[in-house]
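See below for the structure under consideration.
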Amino acid sequence: MIKARKSGDQITVWLSGEIDHCAAGTLRAEIESLLSRPEIRRLNLDFTDVSFMDSSGVGMIIGRYKTMASRGGHVSASGLHPPVDRLFRLAGLHRIIDINPSERQENA
């Protein structure tokens, strides 16, 4: 299960644990359910508590990017630890998704 908070036209989703083949499908469904609200134009994915991510996670993120782009929306990511940040860059996600510090870091 994910934690999420809606604020205006934005939803922030806090991810945790490992985002691998087993977890990606569940995450995809949960996030898509949140994005079913047409007023949502911005999605922030916070990776502060993510310990591992593989290519299944990359696919899940690209799918949510396509969902948001189809409605003129925007996706950002925050709280990337070095291994996850490296995967983002290798996959080219940093070219389509803004990378920000985590909200937890901003509020510390």
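The values are calculated or read from the model by the stated rules, or taken from the named source; none is laboratory data. Because the structure is predicted, anything quoted here is derived from the model rather than measured. Positions of Cβ are generated from backbone atoms using ideal geometry, with glycine treated the same way; all protein chains shown enter the neighbour counts. All accessible areas refer to the heavy atoms of the entire protein, side chains included, with ligands and DNA or RNA removed. Shrake-Rupley method; radii C 1.70, N 1.55, O 1.52, S 1.80 Å.
The computed Kirkwood radius over Cα pairs in Å for the structure shown corresponds, within (1) 14.4; (2) 13.7; (3) 15.5, to (2). Based on DSSP H segments of at least four residues, each scored -39500 (n - 2.57), the chain has a per-residue ellipticity at 222 nm of -12500 deg cm²/dmol.
Considering only protein heavy atoms and a 1.4 Å probe, what is the carbon-and-sulfur percentage of the accessible area of the chain? It would help to have the intermediate numbers written out before the result.
Working: 2980 of 5870 Å².
For the chain, the apolar C and S fraction of the accessible surface comes to 51 percent.
Close amide-amide hydrogen proximity is noted between Gly79 and Phe47, Asn100, Ser102, each under 5 Å apart and 5 or more residues distant or on a separate chain (H modeled in the peptide plane; Pro and chain starts excluded).
The charge dipole of the chain, taken about its Cα centre with unit charges on the Cβ of Lys, Arg, Asp and Glu (plus for the first two, minus for the last two), comes to roughly 360 debye. Peptides 38-45, 74-81, 93-100 ranked from most to least packed by the mean count of surrounding Cβ atoms within 10 Å: 74-81, 38-45, 93-100.
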